[in-house]
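A short worksheet on the structure shown next.
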Amino acid sequence: MGEVLWRPSEEVRERSRIGHYLRWLRTERGLDLGSYDELWRWSVSDLDAFWRSIWDYFQVLAHTPAERTLAGDTMPGVRWFPGARLNYAEHVLRMPGIGDDEPAVIAYSQSRPPITRTAAELREDVRRVRAGLRRLGVGPGDRVAGYAPNIPETYVLMLATASLGAIFSSCAPEFGTRSVTDRWRQIEPTVLVAVDGYRYGEKPVDRAAEVAAIRAALPSVRHTVLLPYLDPDAAPPAGAIGWSQLAAPTDEPLVFDPVPFDHPLYVLYSSGTTGLPKPIVHGHGGILLEHLKMLALHHDLRPGDRFFWFSTTGWMMWNFLASGPAVGAAIVLFDGNPGHPDLGELWRMAAEAGVTYFGTSAPFLLACRKAGLRPRDLVDTSALRGLGSTGAPLPVEGFRWVYESVSDTLQLQSLSGGTDVCTGFVGGVPLLPVRAGEIACRCLGARVEARSADGTPVLDQLGELVITAPMPSMPVGFWNDPDGRRYREAYFDVYPGVWRHGDWITINEHGGCVITGRSDATLNRGGVRLGTAEFYSVVEGLDEVVDSVVVHLEDAEGGAGELLLFVVLAQGRELDDALRAKIVRELRTALSPRHVPDEIHQVRAVPRTLSAKKLEVPVKKILTGTPVDAAAATGALANPDSLTAFERFARERG
């Protein structure tokens, strides 16, 4: 059991939103739940009563009432609130507790001065852009794609799209052409909104060529809208219109098209480990209920709070942040290099903006620690009530650094979840203490278990993270997967009727959790998961490269680790500095700077199964010291001798 670094105050039940919810349950439902553990167990054993309580407690607006809370009890296939019609954007823009003249969005950027939009201004922005999308013919079910950063216009575009019952999808402009088109060719957007470029620190990054290439690769796009961001005077390319035209004055009112509970809201993407990134469809109602629960009851956000999470529009934490106003919290956006001019940038911004909940990734916190940064000596951190860490496990040293160097009064909430559910299913809660190196609890409504190799639930042992009861924010499905086959294969093939997430987890006797990494081959780079398939499509697209395998080796002390790329070259070719530079350039251009490996090495062959699948996980095990015979079933390999090169490499590295 880890060292206790923070304890809730004696008044926590009177002051916190979850305390108010417990009193509401006693008054309205006759439930007297004395501890968080009792509350959690009720929430995962009586799904009908728990999720109906969330609906009622947060006064969800239904244009048509639900026939029941859930239909069916076997995953996949459960339907939540059948018959209900609502709209996610309506609930976000309700902004309970935020006055018309009070800030709803506060945005910082390295490309332009800060921008603040009040609640009234945000609604007006959405009204105009909604009307502009309607003029372009956008209606329910159409896809609107945003190649845009974490700025108010992207947020407005998402809400306007949702208000129409259309479907939003975003890619951060740091994504190269291949990364973008691999995603959007699958969903065939009709409208593309794109920036001309951006600044990363002091460096201007022009994206005109990428936007042109994306347009050319997406024949479904009927309308392109240019958002002049790098250059405010940038003119739209031929055949496109400008953002000002999309957001032009109009008399059209702001209305919200009621849609079914499971109507698609947006499409997020897996990292693409085993092929093209999986297009994960999330629904209006599931995202709304899950985010109301998490943001209010777990993160304790309320009117008067300013909620920040460092994220790009290519990470699900942007979608999570976007729901802040639905619980009365203003959101704070940042676009740029968090390390420019130094790692104090985000802390200074947070102090200036009055941030009360600061969300980031574990690697960012560890980088601050490694740099010897003490935010509490740099700025006034007393406004911070909460600090969220996700994207990778936060080790004990990271926990201690937060309490020594940021604030000893805030609650540090380490959480883990995924793009697949667009939330965290293990995290923190105001009722429980913070222990070093430990995630405090399984979240309400998330029946998380650890399973051994034979499928048996285990306690105080490392196991596969599984979810054994449905959650409303589980995907509606994958795009263009009419029979649900790909969806079932992704999560339910190993344990029928049970969601297997792909993480290793240990759950201890008091409900605390420790995540020790991915149980699949997904790479984790700076808290952002990257797919190996995207690497291979670029690297192996080079004439010089015949085959390749890439692995990420975690740092035992919680640092960034190492990304290692191994290449098989065409006959007669040798890996020299020029070819290394070419590979790096291609990865940086086509994908992103995060995809650039720390080292590139030449090997004679990549290990493959008899069915020609690459063996990334065994390679990683061998590189971290596992004997070859224990790392892979050599009899199932087409070329078992290929493993010896990695064994030798591991031995030489020591």
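The values are calculated or read from the model by the stated rules, or taken from the named source; none is laboratory data. Computed from a prediction, not measured in an experiment: that's the story for all the values here. Here the Cβ is made from the backbone with ideal geometry for all residues, glycine too, and neighbour counts use every protein chain on show.
Structure notes:
- Total residues in the stretch 314-335, condition closer than 17 Å to TYR198 by Cα and at pLDDT 95 or above: 3
- Tally of residues being touching an Asp or Glu at 6+ places or on another chain (Cβ under 9 Å) and either at pLDDT 95 or above or among the hydroxyl-bearing types (Ser, Thr, Tyr) (or both) across the stretch 256-280: 10
- Restricted to strands (runs of 3 or more DSSP E) entirely inside the stretch 92-156, those with at least 1 residues that are more than 30 Å from PRO219 (Cβ to Cβ) and of a type in the set (Gly, Ala, Ser) are 103-109.
- Some residue of the stretch 342-355 being out of contact with any strand residue (DSSP E or B) (no Cβ under 9 Å at 6 or more places or on another chain), more than 23 Å from PRO149 (Cβ to Cβ) and surrounded by fewer than 23 Cβ atoms within 10 Å (Cβ to Cβ): no
- Counting the residues of the stretch 182-191 that are at pLDDT 95 or above and within 17 Å of LEU268 (Cβ to Cβ) gives 6.
Conditions tested, residue by residue: (1) within 20 Å of LEU25 (Cβ to Cβ); (2) in the same structural domain as GLY391 (by TED's automatic domain parsing); (3) part of a helix (DSSP H, G or I); (4) in contact with a strand residue (DSSP E or B) (Cβ under 7 Å, 6 or more places away or on another chain).
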{"position": "GLY286", "(1), (2), (3), (4)": "no, yes, yes, yes"}
{"position": "LYS293", "(1), (2), (3), (4)": "yes, yes, yes, no"}
{"position": "ASP300", "(1), (2), (3), (4)": "yes, yes, no, yes"}
{"position": "THR312", "(1), (2), (3), (4)": "no, yes, no, no"}
{"position": "TRP318", "(1), (2), (3), (4)": "no, yes, yes, no"}
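Matching residues to (1) closer than 20 Å to LEU133 by Cβ; (2) assigned by TED's automatic domain parsing to the domain that holds GLN110; (3) surrounded by fewer than 23 Cβ atoms within 10 Å (Cβ to Cβ):
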| position | (1), (2), (3) |
| --- | --- |
| SER170 | yes, yes, no |
| ILE187 | yes, yes, yes |
| THR190 | yes, yes, yes |
| GLY197 | no, yes, yes |
| TYR229 | yes, yes, no |
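- Failed criterion for VAL255 (all others in (1) closer than 30 Å to GLU290 by Cβ; (2) touching a strand residue (DSSP E or B) at 6+ places or on another chain (Cβ under 9 Å) hold): (2)
- Residues of the stretch 423-438 classified as part of a strand (DSSP E or B) and either over 24 Å from the mean Cα position of the chain (by Cα) or under 22 Å from ARG13 (Cβ atoms) (or both), total: 3
- In the stretch 12-38, of all residues being touching a helix residue (DSSP H, G or I) at 6+ places or on another chain (Cβ under 7 Å) and more than 16 Å from ARG302 (Cβ to Cβ), the one that is surrounded by the most Cβ atoms within 10 Å (Cβ to Cβ) corresponds to LEU25.
- Only one entry in GLY34, GLY2, GLY19 is outside any helix (DSSP H, G or I), within 27 Å of ILE439 (Cβ to Cβ) and touching a Lys or Arg at 6+ places or on another chain (Cβ under 9 Å), namely GLY2.
- Candidate set from the stretch 392-406 (those that are out of contact with any helix residue (DSSP H, G or I) (no Cβ under 6 Å at 6 or more places or on another chain) and part of a loop (DSSP other than H, G, I, E, B)); member that is farthest from PRO277 (Cα to Cα): PRO395
Residues checked against (1) modelled with pLDDT of 95 or more; (2) of a type in the set (Val, Ile, Thr); (3) closer than 30 Å to THR468 by Cα:
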site	(1), (2), (3)
GLY77	no, no, yes
ALA84	yes, no, yes
ASN87	yes, no, yes
ALA104	yes, no, no
ARG128	yes, no, no
GLY132	yes, no, no
VAL138	yes, yes, no
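- Filter pass, ALA521 being crowded, with 20+ Cβ neighbours inside 10 Å, at pLDDT below 90 and not in a helix (DSSP H, G or I): yes
- Qualifying helices (runs of 4 or more DSSP H) (wholly inside the stretch 159-248; at least 1 residues being small (Gly, Ala, Ser) and closer than 27 Å to GLY139 by Cβ): 208-217, 243-246
- Restricting the stretch 548-568 to residues that are buried (at least 19 other Cβ atoms within 10 Å of the Cβ) and not β-branched (Val, Ile, Thr), the residue that is farthest from GLU210 (Cα to Cα) is GLY558.
- PRO249 vs. criteria touching a helix residue (DSSP H, G or I) at 6+ places or on another chain (Cβ under 9 Å), surrounded by fewer than 18 Cβ atoms within 10 Å (Cβ to Cβ), more than 19 Å from ARG17 (Cβ to Cβ) and not assigned by TED's automatic domain parsing to the domain that holds PRO430: yes
- Test: residue in the stretch 270-289 that is among the hydroxyl-bearing types (Ser, Thr, Tyr) and crowded, with 24+ Cβ neighbours inside 10 Å: no
- Pair list, Cβ < 7 Å and 6+ apart or interchain, from the stretch 113-132 residues that are farther than 15 Å from THR250 by Cα and outside the structural domain of ALA353 (by TED's automatic domain parsing) to residues that are assigned to a helix (DSSP H, G or I) and at pLDDT 95 or above: ILE115/PRO152; ARG117/ASP125; ARG117/PRO152
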